[in-house]
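See structure below.
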Amino acid sequence: MDNKQISKAVIKRLPRYYRYLGELMQDGVERISSNELSEKMKVTASQIRQDLNNFGGFGQQGYGYNVSFLYNEIAKILGIDKQHNLIIIGAGNLGQAIANYTNFERRGFMIKGMFDVNPRLIGMTVRGIEIYPVEQLERFIKENDVQIAALTIPKERAEEMAEKLVSYGVKAIWNFAHTDLNLPSDVVVENVHLSESLMRLSYKVSNMKK
């Protein structure tokens, strides 16, 4: 199936389905209806059925969804049924926080190394992940089959670094820098603007009914 035909809204909901189904499996739930899943996720049952029908449906009338089967199928759709090698550019507070998050490995994202320009950080490790000088980037990416790079560096250096990463073979950028990247169309970029998220939260709090 051509993922370009799937709306961004549907793709955005898929990780939520995956998370809730994982929790249901932990609770020993073997099957669930779209109505029951709707109550948990606060998404209409009709929306759930429409979303999943984009990929084949997976449900059986009168039975609902097999939780384990649907969980594994969504993992395949998201591409997290296989390993993705990842590096972190920037070993400051945010970079180290990402390196310390153990759930990435359980989702198939293996952090192979961190990189920084600060000589005081070179050679240190964060949860066993070594920090290397940026001069070793190209060789490291090729030797470790790195597909994804997380950028946690100042925005002034983000564009130049992203271009280098792409030239070295990186196919996707997880961008935490406060700037939009101008990269080739075949490079996947996921922007994470923490301050924008906080401002959206502020708007919602400010506009709550008293």
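The values are calculated or read from the model by the stated rules, or taken from the named source; none is laboratory data. Source: prediction; values computed, not measured. All Cβ positions, even for glycine, are placed from backbone atoms using ideal geometry, and neighbour counts span all protein chains on display. Side chains included, ligands, DNA and RNA excluded: accessible areas come from the protein's heavy atoms. Shrake-Rupley method; radii C 1.70, N 1.55, O 1.52, S 1.80 Å.
The listed residues THR102, THR152 rank as THR102, THR152 when sorted by accessible area, largest first, using a 1.4 Å probe. The largest accessible area among ASP27, ASP116 belongs to the first residue in ASP27, ASP116, and the rest follow in falling order (1.4 Å probe, all chains).
Pairs with C-alpha atoms separated by more than 23 Å, drawn from the list LYS8/LYS155; LYS142/LYS164; LYS155/LYS204; LYS112/LYS171; LYS142/LYS171; LYS8/LYS164, are LYS8/LYS155; LYS155/LYS204; LYS8/LYS164. Accessible-area rank, largest first, for ILE141, ILE11: ILE11, ILE141, with all protein chains present and a 1.4 angstrom probe. Projecting the Cα atoms of TYR71, GLY56, GLY90 onto the dipole axis of region 21-130, where Lys and Arg carry +1 and Asp and Glu carry -1 at the beta carbon, places GLY90 farthest toward the positive end. What does the charge add up to near ASN175, with Lys and Arg as +1, Asp and Glu as -1, over the other residues with Cβ less than 11 Å from its Cβ? Cβ neighbours under 11 Å give a net charge of -2.
Here region 64-210 is treated with +1 on each Lys and Arg Cβ and -1 on each Asp and Glu Cβ, and its dipole about the Cα centre works out to around 700 debye.
On the protein heavy atoms, probe 1.4 angstrom, tell me the percent of accessible surface of the chain carried by carbon and sulfur. Its accessible area is 49 percent carbon and sulfur atoms.
Would you list which aspartates and glutamates come within 14 Å of LYS40, measuring only between C-alpha atoms, while excluding same-chain residues fewer than 8 positions from it? Qualifying aspartates and glutamates at Cα under 14 Å: GLU23, ASP27. Taking the C-alpha atoms only, the angle from helix 155-167 to the longest principal axis of the chain is near 80 degrees.
Using only Cα atoms and rounding to the nearest 10 degrees, what angle (0 to 90) does helix 8-26 make with the longest principal axis of the chain? That works out to roughly 70 degrees. Considering the options ILE129, ASN35, ILE80, tell which one lies farthest towards the positive end of the dipole of the chain, charges being +1 on Lys and Arg and -1 on Asp and Glu at the Cβ, about the Cα centre. So the residue we want is ASN35. When nucleic acids and ligands are ignored and a 1.4 Å probe is applied, VAL188 ends up with an accessible area of around 90 Å². Net charge in the neighbourhood of VAL67 (other residues with Cβ under 9 Å of its Cβ; Lys, Arg +1, Asp, Glu -1) is 0.
Shown here for region 1-73: trypsin sites (Lys or Arg not before Pro) in loop regions (DSSP other than H, G, I, E, B) with at most 12 other Cβ atoms within 10 Å, namely LYS42. A 1.4 Å probe run over region 97-185, with the rest of the protein chains in place, finds 56 Å² accessible per residue.
Pairs of alpha carbons in region 1-156 separated by more than 24 Å make up 48% of all such pairs.
Amide H contacts for GLY113 (H built 1.01 Å from N in the peptide plane; partners 5 or more residues away or on another chain; cut-off under 5 Å): ILE88.
The angle between the Cα long axis of helix 194-206 and the main principal axis of the chain comes to about 50°, on a 0 to 90 degree scale. Of the whole protein surface, MET25 contributes about 80 Å² of accessible area at a 1.4 Å probe radius. For region 4-74, the per residue solvent-accessible surface stands at 62 Å², with DNA, RNA and ligands left out and a 1.4 Å probe.
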